[in-house]
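We did not get these values from a lab; they are worked out from the coordinates using the rules stated. All values reported here derive from a predicted model rather than from experimental measurement. Neighbour counts run over all protein chains shown; Cβ positions are idealised from the backbone, glycine included.
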Amino acid sequence: MNIIQVGNVLCSIDIFKELFCCNYRACRGICCVEGDAGAPITLDEVSAIEDILPIIQGELSDEAREVLSSQGVAYIDKQGELVTSIVNGKDCVFTTYDDRGNCLCAIERTQREGLHNVSKPISCSLYPIRVKRFNIGNSGEVLYGLNYHRWAICKDAVEKGYRLSMPVYKFLRDPLTKMFGAEWYGELEQAAQQIQHLH
């Protein structure tokens, strides 16, 4: 059994079994600059971020501001997904750096400073889980799929996850609750307990 259904969400067994905990001190936010496409983003998120661009543009590089001016907040990648714009073929357009060279998200940084209340894309908060959305026929019903994404640059996070015995679904408790609700997360925890009894 590789998939567990919790409500209208199909969960890969990996999110229960794999161990993961971000180790920012080790990786310094490398996921913001590595990769060949931006982070998945929704149209609602694009609209919200567009509203705060005047607030965050001062945090960004000249190159990033040029990309935002010519291409906007997002584009369609090779897989046909809407993703955040990128600079030089890799850096997320919202990447900024502190004085020690650590990568930071300009959206998150300015939100923490109380300059606005817009969050970075939920796909960023949910990493290493990737979310797929499926529309079922014409009924308007939606199914989601949650998969664990393996990425070599996150080896320090995997090692930390093992040290802390932290499964992916526990590490991502807050963003999963934000996306699907506290009641759903409670059902997810029950599913996790059932899986533990089976293995």
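What net charge do the residues around G181 carry, taking every other residue with its C-beta under 14 Å from that of G181, with Lys and Arg at +1 and Asp and Glu at -1?
Details: positive: R173, K178; negative: D174, E183, E187, E189.
It works out to a net charge of -2.
Could you work out the local net charge near R130, counting Lys and Arg as +1, Asp and Glu as -1, over the other residues with Cβ closer than 12 Å to its Cβ?
Summing Lys/Arg as +1 and Asp/Glu as -1 gives +1.
Against the globular-protein guess of 2.2 N^0.38 Å, express the Cα radius of gyration of region 27-119 as a ratio, rounded to two decimals. Could you put the intermediate results ahead of the total?
Details: Rg = 12.4 Å, N = 93, 2.2 N^0.38 = 12.3 Å.
Ratio of Cα Rg to 2.2 N^0.38 Å: 1.01.
Given the Cα atoms of region 94-199, and with Rh set as the inverse mean 1/r over their pairs in the Kirkwood sense, what is Rg to Rh to two decimals?
On the way: Rg = 16.8 Å, Rh = 16.4 Å.
Expressed as Rg/Rh, it is 1.02.
Which net charge results for the neighbourhood of S119, defined as the other residues with beta-carbon distances under 15 angstrom from its beta-carbon, given Lys and Arg at +1 and Asp and Glu at -1? Walk me through the numbers before you get to the answer.
Numbers: positive: R109, R112, K120, K178; negative: D44, E45, E50, D51, E108, E113, D174.
Overall, the nearby charge balance is -3.
Just the Cα atoms of the chain: what Rg and Dmax do they give in Å?
17.7, 54
Relative contact order, percent, of the chain when contacts are C-alpha pairs under 8 Å separated by at least 6 residues? Don't jump to the answer; show the numbers that get you there.
Values: 286 pairs, mean separation 62.3, N = 199.
Worked out over the chain, it gives 31 percent.
With the dipole of region 27-119 worked out from charges on the C-beta (+1 for Lys and Arg, -1 for Asp and Glu) around the Cα centre, which of C92, T42, A74 lies farthest toward the positive end?
It is C92, whose Cα lies furthest towards the positive end.
Taking R0 as 30 Å, what's the FRET efficiency between R163 and S139 from their Cβ-Cβ distance, rounded to 0.05?
0.10
Treat every Asp and Glu Cβ in region 27-119 as -1 and every Lys and Arg Cβ as +1, leave all other atoms uncharged, and give the resulting dipole magnitude about the Cα centre to the nearest 20 debye. All intermediate terms of the calculation are to be shown ahead of the outcome.
On the way: 7 positive and 17 negative charges, 38 e Å.
Dipole of region 27-119, to the nearest 20 debye: 180 debye.
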